[in-house]
Amino acid sequence: MRYPSAAIAALLTLPSVQALVQKHNVGKLPALGWNSWNAFYCNVNETKILTAANQMVSLGLKDSGYQYVNIDDCWSVKSGRDNKTGQIIPDPEKFPSGIIGVADAIHALGLKVGIYGSAGTETCGGYPGQIGQESLDAATFAAWGIDYLKYDNCYVPSNWTDQYNACVPDQWQVYGPYVNGTCSKSATDAPAGYDWSTSNTAHRYRIMRDALLAQNRTILYSLCEWGQADVVVWGNNTGNSWRISGDINPWWARIAEILNENSFLLNHVNFWGHNDMDMLEIGNGNLTLAESRSHFAFWAAMKSPLIIGTALDTLPATHVDILRNKYLLAFHQDASHGAPATPYKWGTNPDWTFNATNPAEYWSGKSTQGTLVLALNTLATNATREIIWNEVPGLEDGRDAFEVTEIWSGKSLGCVEHGIKTVVGSHDTAGYVVGKNCIQYRS
Ligand code: GAL
């Protein structure tokens, strides 16, 4: 579907919400880290977590800014809580040092540690959840030295479900078909103007926010409710980041699908609040190097948290290089520019087309280092992509030559006039940092 320009204008004038601002700038910029799920699923233990932490240091990822080492689902005793204290218990076989021992070891490396819970009676893997126990568990997490909580959405009790359904494009199984950018109407749709911040989902996530804020420890709060209940409208005052989709998978069609979905939600991203496109799959499944480059480039350009999800001790150097790309990380972590890159032209499709296979291809964003310009090839074969300075927001002011650096090689292309035309491999991305104007105004 084409989005009418009136709809775009309305989006651009959305009132700004009060963001969740935490101490020490935690959550101001999108998080950088590693998480166990995409690599190991439930098969997690202390050795794997500490291996990842050590690899983050030895591969130079820590020096590149990666900070959080996050333990995902299946870390606790499944059968229940401590009889006396009611506390959740770390699985003694998987974590013989306890979460506290692992947290100490991670902190000793100069890194931070994250854990996982669920705003329901059980986590998605069937381990004890937090609903009704938010204060106790937040206090336990804080006492263990936790710095980051990923909060999932499984096993919601029936008295906590939402009154209405909200449409999430990739969850048509739950909400009915989402065709050409529009959800099918259903009897349980919310009435026009319904305020989703009053929903039970928003309420469940606020209870944990308040429990975390009551601790004497700063804990980054990462909402994982898969984009439901229109989270983009209340996520910013509830958490530091919020998932906008269902789970990612390590194949290109899913990467392109999430890229497409998020490209319509970018007005909700800035300092102190980030759409989470889900954890990285670089190193997993059948993603080619070209696809891995594009995956990383667009997650960084849209300022999603960048949480690595692969076994670092077996990751090839080619992939480590992608994760350490200094131009993309500088854009992602820019201290002066909080807004993400946005599409300036769709390319294969007409502008504003919602399409999971051929999302927007031409993107730009401002940063301290210059304008980041990306050109994606969504097609299955090589294709020419032409970046014309005159079409790029901020570069169309009449001066037509700029100093350019290519982001994958770091090579300076010198003073480039008019733009760049280049052949881009299937699913690959050409990327440039466009710096200073290098020719005076022409007469
Ligand atoms: C899903 C979540 C995944 C992972 C998994 C664990 O709901 O989106 O990222 O955390 O649960 O069971």
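Data for the structure
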quantity	calculated
Unmet criterion (only one of (1) within 16 Å of the ligand (Cβ to nearest atom); (2) touching a Ser or Thr at 6+ places or on another chain (Cβ under 7 Å); (3) at pLDDT 95 or above; (4) open to solvent by less than 10 Å² (accessible area, probe 1.4 Å)) for Tyr221	(2)
Residue match in segment 149-170 (condition: assigned to a loop (DSSP other than H, G, I, E, B), aromatic (Phe, Trp, Tyr) and modelled with pLDDT of 95 or more)	yes
Candidates Gly101, Gly176, Gly181, Gly193, filtered to the one that is modelled with pLDDT of 95 or more and of a type in the set (Gly, Ala, Ser)	Gly101
Yes/no for Ile255 being closer than 19 Å to Thr310 by Cα, at pLDDT 95 or above and surrounded by 22 or more Cβ atoms within 10 Å (Cβ to Cβ)	yes
Residue, nearest to the ligand (Cβ to nearest atom), within segment 137-159, restricted to residues that are open to solvent by 50 Å² or more (accessible area, probe 1.4 Å) and closer than 18 Å to His203 by Cα	Tyr155
Selection within segment 299-321 - closer than 17 Å to Asp278 by Cβ and in contact (Cβ under 8 Å) with a residue 24 or more places away in the chain	Ala300, Ala301, Met302, Lys303, Ser304, Pro305, Leu306, Ile307, Ile308, Gly309, Thr310
Hits in segment 30-47 (condition: open to solvent by 10 Å² or more (accessible area, probe 1.4 Å), touching a residue at least 40 places away in the same chain (Cβ under 8 Å) and more than 15 Å from the ligand (Cβ to nearest atom))	Asn45, Glu46
Members of segment 323-370 that are under 21 Å from Gly60 (Cα atoms) and of a type in the set (Asp, Glu)	Asp334
Top-ranked residue in segment 387-441 [being in a strand (DSSP E or B) and of a type in the set (Asp, Glu); ranked as least open to solvent (accessible area, probe 1.4 Å)]	Glu406
Glu134 vs. criteria away from the ligand (no atom under 16 Å from the Cβ), closer than 16 Å to Gly80 by Cα and not hydroxyl-bearing (Ser, Thr, Tyr)	yes
So Gly117, is it under 30 Å from Gly80 (Cβ atoms), open to solvent by 10 Å² or more (accessible area, probe 1.4 Å), within 16 Å of the ligand (Cβ to nearest atom) and at pLDDT 95 or above	no
Check on His427, touching an Asp or Glu at 6+ places or on another chain (Cβ under 8 Å), of a type outside the set (A, V, I, L, M) and in contact (Cβ under 8 Å) with a residue 60 or more places away in the chain	yes
Residue within segment 104-111 that is within 16 Å of the ligand (Cβ to nearest atom), within 27 Å of the chain's Cα centre (by Cα) and open to solvent by less than 30 Å² (accessible area, probe 1.4 Å) present	no
Residues (in a loop (DSSP other than H, G, I, E, B) and closer than 29 Å to Val44 by Cα) located in segment 322-341	Arg324, Asn325
Residues located in segment 396-431, provided they are over 28 Å from the mean Cα position of the chain (by Cα) and of a type in the set (A, V, I, L, M)	Ala401, Leu413, Val416, Ile420, Val423
Filter result (out of contact with any strand residue (DSSP E or B) (no Cβ under 7 Å at 6 or more places or on another chain), within 20 Å of Cys154 (Cβ to Cβ) and buried (at least 16 other Cβ atoms within 10 Å of the Cβ)) within segment 78-103	Lys94
Among residues of segment 425-439, those that are modelled with pLDDT of 95 or more and under 18 Å from Ala330 (Cα atoms), counted	7
Identity of the residue in segment 48-77, assigned to a helix (DSSP H, G or I) and either β-branched (Val, Ile, Thr) or touching a strand residue (DSSP E or B) at 6+ places or on another chain (Cβ under 8 Å) (or both), that ends up farthest from the ligand (Cβ to nearest atom)	Val57
Criterion: away from the ligand (no atom under 16 Å from the Cβ) and touching a Pro at 6+ places or on another chain (Cβ under 9 Å) - qualifying residue of Asn216, Asn270, Asn275, Asn236	Asn270
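The values are calculated or read from the model by the stated rules, or taken from the named source; none is laboratory data. Given the structure is predicted, the values throughout are model-derived calculations rather than measurements. Cβ atoms come from the backbone with ideal geometry, glycine included; neighbour counts cover every protein chain shown. Accessible surface areas use protein heavy atoms only, side chains included; no ligands, DNA or RNA. Shrake-Rupley method; radii C 1.70, N 1.55, O 1.52, S 1.80 Å.
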